[in-house]
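Inspection log for the structure reproduced underneath, given as structure tokens.
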Amino acid sequence: MQQLKVIAPGRINLLGEHLDYNQGVVLPAAINRFFEFEFKGNTTDCIHIEALDLNESWEFDLHELKKLKTTGWKSYVKGVFILMGLSSVNGLHICFKSNIPIGAGLSSSAALCCGLAFGLNEFFDLGKTRLELALLAQQTEHQYAGVKCGLMDQVACLFGEEAHLLAFDTLDHSIETFSLPLVGVQLFLIDSKVKHNLAASAYNERRSQLEEAWNLAQQIFVGIESWRSLKPFQFKALLSHLDAVSIKRLTYVLDEMSRVQKVQALAKQIAADLNDSSALNDSYQELGHLLNQTHDGLRDLYEVSCEEIDFLQCHLQQTPSILGARMMGGGFGGCLLVLAKANFDFHLLEAVFSAYQLCYRQNPSIEPIQLMGGVRAL
């Protein structure tokens, strides 16, 4: 193959935040914000890569790659090339660009890794499956970016389907696609335009806290399979062995698992009630309530929100025709996922945005979204 174009989307997560490394089910979807890659063979012995949006380029000899020190996007590229096992290839020119807002919690790093890995797999006919590529992209984040992320972002990027969400079981890696009809309502994002630099370290800290709690639970309750199998009396017994912070973290995880189950049931109910406007309204109100509950948990129990995001979420709850909103992503900035009436007047947010700009010197933006398919060759 001499030329290939690839598109790799970012993602939203309807519910199940931070469950992808806590043995839960998550509900992501690929969206119409994406990386575009172009792969071309060349006559040199080097790999030449252009990050068009950044006006940056990088050329390296594949045999020397492991020795090179990298930062930023180059670290992800380095990780993918090494983990793909490419030891000897002809010269290659790759250029990429993206319309995914960086640091907005839409998994731009996963899209970069998955798109690059998918493109190399296709270009060199390596025969790796999409799940293998997802796991490879995850390991790139772990080993070369230092973020111990779960697998949700990569699965959403590689397995997304147009107009559908995924129910991804992080225990057995099973994927179920399902539709959430949006009749008279819409989903959109508000980008806070803030990203605090403690996100990665705090993310790893939260993961470590839950891993320690899980190790303790396994010692006390021999044979327990996952947090999902923890019974109420076991949870109460475990509390006396945990510190106050770990109790808050675990409470959020168990509550969020329950909310995910409720949303899956709601989706089925909505699909059955498409001709009953009253029942639909009740279901969407409940969905908005669950989004608000998740934000409360992320703010008060998991403690990964921030003042700017909380400001926006609080005012959104008081805005007519907004049904619910929550912080999305690793935390400490990024985007809010908002459920609103389909006829919502976005001008109603002007006063909120003005107050936000006055307080935080940032100009938030509204990001309409559509659910699209996963990584593919064009």
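The values are calculated or read from the model by the stated rules, or taken from the named source; none is laboratory data. Computed from a predicted model, the values in this text were never measured in an experiment. Neighbour counts are summed over all protein chains in view; Cβ atoms, including those assigned to glycine, are modelled from backbone coordinates with ideal geometry. Calculation scope for accessible area: heavy atoms of the full protein, side chains included, ligands and nucleic acids excluded. Shrake-Rupley method; radii C 1.70, N 1.55, O 1.52, S 1.80 Å.
Amide H to amide H, which residues 5 or more places from Leu323 or on other chains are under 5 Å from it, using H placed in the peptide plane?
Residues meeting the amide H criterion: Leu339, Ala340, Lys341.
Can you list the HN-Hα couplings for the stretch 227-233, worked out from phi with the Karplus curve (6.51, -1.76, 1.60; θ = phi - 60°), rounded to whole Hz and with x for Gly and Pro?
Along the stretch 227-233, the couplings run 4, 5, 9, 6, 7, x, 5 Hz.
Only four residue types carry charge here, +1 at the Cβ of Lys and Arg and -1 at the Cβ of Asp and Glu. Report the dipole size of the stretch 1-117 about the Cα centre in Debye, rounded to the nearest 20.
120 debye
For the chain, what is the calculated [θ] at 222 nm in deg cm²/dmol (nearest 500), taking -39500 (n - 2.57) for each run of four or more DSSP H residues and dividing by its residue count?
-13000 deg cm²/dmol
DSSP loop GluC sites (Glu not before Pro) in the stretch 216-308 with at most 12 other Cβ atoms within 10 Å of their Cβ, which ones?
Glu225
Got a sec? Charge dipole of the chain, +1 on Cβ for Lys and Arg, -1 for Asp and Glu; which of Phe221, Ser278, Thr44 is way out at the positive end?
Farthest towards the positive end: Phe221.
Kindly express, to the nearest 10 degrees and within the range 0 to 90, the angle between helix 350-360's C-alpha long axis and the longest C-alpha principal axis of the chain.
It is inclined by approximately 70 degrees.
Compute the longest continuous run of the chain that contains no exposed trypsin sites (Lys or Arg not before Pro); treat a site as exposed when its DSSP state is not H, G, I, E or B and it has at most 14 other Cβ atoms within 10 Å.
Working: sites that count: Lys69, Arg361.
The answer is 70-360.
Can you find, among Pro232, Val375, Ile175, the residue sitting farthest towards the positive end of the charge dipole of the chain, where Lys and Arg contribute +1 and Asp and Glu -1 at Cβ?
Value computed over the given set: Pro232.
Quick check: Cα centre of the stretch 1-72 to Cα centre of the stretch 306-378, how many Å?
The two parts, judged by their Cα centres, are 26 Å apart.
How far apart, in nm, are two points set 7 Å out from the Cα along the Cα-to-Cβ line at Asp172 and at Ala279?
Result: 3.0 nm between the two label points.
When Lys and Arg each count +1 and Asp and Glu each count -1, what net charge do the other residues less than 12 Å away from Ile100, Cβ to Cβ, add up to?
-2
If I model a spin label at Glu212 and Thr44 as a point 7 Å from the Cα along the Cα→Cβ vector, what separation in nanometres do I get?
That separation, rounded to one decimal, is 4.9 nm.
Per residue of the stretch 26-32, in order, report the coupling 6.51 cos²θ - 1.76 cosθ + 1.60 (Karplus, θ = phi - 60°) as ³J(HN,Hα) in whole Hz, putting x for Gly and Pro.
Residue by residue, the stretch 26-32 yields 10, 10, x, 8, 6, 10, 7 Hz.
Please give the contour-minus-distance gain from Gln318 to Glu162: 0.36 nm per residue of separation, less the Cα-Cα distance, rounded to one decimal in nm.
53.0 nm is the gain from fully extending Gln318 to Glu162.
Under the rule a/c < 1.5 gives rounded, and otherwise a/b versus b/c splits prolate from oblate, where does the chain land using the Cα gyration tensor?
prolate
Name the residues whose placed amide hydrogens come within less than 5 Å of the amide hydrogen of Thr177, ignoring near sequence neighbours (fewer than 5 apart) on the same chain.
Here Ala167 satisfy the definition.
Let's see if you can work this out: charge +1 on each Lys and Arg Cβ, -1 on each Asp and Glu Cβ, no other charges. What is the dipole magnitude of the stretch 250-378 about its Cα centre, in debye to the nearest 20?
For this selection, approximately 360 debye.
Show me, for the stretch 158-174, the HN-Hα J-couplings you get by feeding each phi into the Karplus relation (A = 6.51, B = -1.76, C = 1.60, θ = phi - 60°), rounded to Hz, glycine and proline as x.
Once rounded to whole Hz, the list reads 8, 10, x, 10, 4, 6, 10, 9, 10, 9, 9, 8, 6, 7, 10, 6, 6.
If I measure Cβ to Cβ between cysteines in the chain, which ones have no partner under 4.7 Å?
Flagged as lacking a Cys partner: Cys46, Cys95, Cys113, Cys149, Cys306, Cys314, Cys335, Cys359.
Using a probe radius of 1.4 Å on heavy atoms only, what accessible surface per residue do you get for the stretch 56-210? Whole Å² is fine.
42 Å²
Give me the dipole magnitude in Debye, nearest 20, for the chain about the Cα centre, with unit charges on the beta carbon: positive for Lys and Arg, negative for Asp and Glu.
400 debye
Among Cys113, Cys306, Cys46, which one shows the highest mean-square fluctuation when the chain is modelled as a Gaussian network with alpha-carbon springs under 10 Å?
Cys46
Once neighbouring chains are kept in place and the probe is 1.4 Å, which whole percent of the accessible area of the stretch 1-134 is contributed by carbon and sulfur?
45 percent
What FRET efficiency do you get for Glu64 and His196 if R0 is 30 Å and r is their Cβ-Cβ distance, rounded to the nearest 0.05?
E between Glu64 and His196, to the nearest 0.05, is 0.25.
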